1. Could you please give the count of residues in segment B:70-108 that are in a loop (DSSP other than H, G, I, E, B), open to solvent by 60 Å² or more (accessible area, probe 1.4 Å) and within 25 Å of B:Asp32 (Cβ to Cβ)?
2. Tell me, please, whether a residue that is at pLDDT below 90, under 30 Å from B:His82 (Cβ atoms), open to solvent by less than 60 Å² (accessible area, probe 1.4 Å) and more than 9 Å from chain B (Cβ to nearest Cβ) can be found in segment A:12-23.
3. So for segment B:163-178 (the condition being more than 14 Å from chain A (Cβ to nearest Cβ), part of a helix (DSSP H, G or I), of a type outside the set (Val, Ile, Thr) and more than 13 Å from the chain's Cα centre (by Cα)), does at least one residue qualify?
4. Would you check which residues across segment B:1-50 are open to solvent by less than 70 Å² (accessible area, probe 1.4 Å), without any contact (Cβ under 8 Å) to a residue 40 or more places away in the chain and within 12 Å of chain A (Cβ to nearest Cβ) and list them?
5. Can you name every residue in segment B:56-102 that is out of contact with any strand residue (DSSP E or B) (no Cβ under 6 Å at 6 or more places or on another chain) and more than 14 Å from every other protein chain (Cβ to nearest Cβ)?
6. Please state which of the following conditions B:Ala53 fails to meet, knowing it meets all the rest: (1) of a type in the set (Gly, Ala, Ser); (2) open to solvent by less than 40 Å² (accessible area, probe 1.4 Å); (3) in a helix (DSSP H, G or I).
7. Could you say which residue among B:Leu151, B:Leu181, B:Leu129 is of a type in the set (A, V, I, L, M) and surrounded by fewer than 20 Cβ atoms within 10 Å (Cβ to Cβ)?
8. Which one of the conditions (1) open to solvent by 20 Å² or more (accessible area, probe 1.4 Å); (2) at pLDDT 95 or above does A:Val90 fail to meet, given that it meets all the rest?
Amino acid sequence: MSLSSKLWPQIAVCVYAFYSCSVVLTGTYGPADPYGHLATWLWLVPLLLARRDLGQGPMVLSAVAVVLVLLGRLAQFSSIKYLGLACSVVALVPWTHFSILWLGLAISWVPAFVLPLNWIGMVAFVSPLRFALAALAPLLALGHNRLRGARA
Amino acid sequence: MKQLLWVLLIAAVFFGIVWDRYPLQDAQDRLDAFPLQGAGFRGQELPLTEFEAAFLENVNVMKRYYAVGDQQVFLTAIDGTHNRSAVHDPTYCYVGSGWHVVDRERVIFAGGEADKIIIARPGQQREVLLWFSDGKERFASVFQYWIRATLRRISFGASGQEPVRVIMQPVGGEQPDWKKLMRDFVPLQDL
């Protein structure tokens with residue numbers, strides 16, 4: 001794995017974002033959703049699949065991530081922080097159509113994902129839905145890599 | 001761009017540290033001032049469960065039992081000034097504890113509004129009354145709470161007092177007469 005010099009500030013942004021959102025890696029999401037944070041780890045798998053391309057992502061997205069995390073911290077509005085965290089991770093790899101899907105799938109590990117399900121009386125399905133959505137991230141990444149490989 | 005990102009990141013970390021050290025006034029004084037007993041009511045402090053204590057870290061909580069006239073209730077007030085995420089829709093916790101929400105309606109009472117939620121599990125049904133209060137106004141909308149709490153943080157507290165989440169539920173299976181309770185339990189209007 002070659003590490004471009006661009007990667008270091010982007011990794012620093014990731015560390016800052018994870019430090020501000022540690023609950024999504026280790027925390028308790030709530031009584032109906034005790035293992036919700038494991039969806040985060042599943043969502044992160046595409047990083048391993050793209051390890052050769054790390055540091056070739058858009059730095060603008062890293063900058064957006066910093067702003068979102070800071071805003072979320074100041075306003076104590078966690079979902080803004082989580083969006084910033086997702087941006088900081090997606091910014092590590094080159095921007096493609098998959099990046100948009102990957103960002104969208106970050107909803108799978110956002111703790112507040114349970115709230116709309118609670119309002120419509122489907123809170124019992126929160127864990128399966130989280131893991132199904134999070135598992136789409138590595139699956140789509142694999143598919144995307146194969147497609148790129150075939151084109152090359 | 002690389003240098004700019006470093007500068008932005010360092011500025012964000014510095015600004016965040018400074019912000020974290022700004023002492024936003026919390027609602028602890030209001031919780032402390034809430035009387036344990038008075039005309040027509042008497043109360044008792046209740047300890048938090050282990051789960052509550054872990055989940056409500058950095059949160060000011062008042063959890064009490066009250067007898068108001070011939071009615072008995074549990075009263076919980078949660079001040080999320082230092083951990084706003086701890087203030088959330090409690091129906092989520094009820095569902096996680098094996099209850100399901102049967103009905104939810106907005107009710108008007110003296111000095112404001114509240115959400116009345118009916119929860120049930122096999123052989124049991126209960127009503128719970130929920131609202132937010134900033135000491136002057138009482139409202140039920142979670143979105144209103146989010147907006148107020150966010151504005152308050154961004155304005156360094158200038159936009160008003162911190163709204164606290166208030167939860168009142170009956171002791172045992174008896175359904176309280178909420179209107180009578182809200183009328184007789186006068187200090188609730190200043191919480």
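The values are calculated or read from the model by the stated rules, or taken from the named source; none is laboratory data. Note that this is a predicted model, so its numbers are computed, not measured. Positions of Cβ are generated from backbone atoms using ideal geometry, with glycine treated the same way; all protein chains shown enter the neighbour counts. The area values use the complete protein model at the heavy-atom level, side chains included, leaving out ligands, DNA and RNA. Shrake-Rupley method; radii C 1.70, N 1.55, O 1.52, S 1.80 Å.
1. 1
2. Looking through segment A:12-23, at least one residue is at pLDDT below 90, under 30 Å from B:His82 (Cβ atoms), open to solvent by less than 60 Å² (accessible area, probe 1.4 Å) and more than 9 Å from chain B (Cβ to nearest Cβ).
3. So far as segment B:163-178 goes, yes, one or more of its residues are more than 14 Å from chain A (Cβ to nearest Cβ), part of a helix (DSSP H, G or I), of a type outside the set (Val, Ile, Thr) and more than 13 Å from the chain's Cα centre (by Cα).
4. B:Lys2, B:Leu5, B:Leu8, B:Leu9, B:Ala11, B:Ala12, B:Val13, B:Gly16, B:Trp19, B:Thr49
5. Selection gives B:Gly69, B:Asp70, B:Gln71, B:Gln72.
6. (2)
7. That would be B:Leu151, the only listed residue that is of a type in the set (A, V, I, L, M) and surrounded by fewer than 20 Cβ atoms within 10 Å (Cβ to Cβ).
8. (1)
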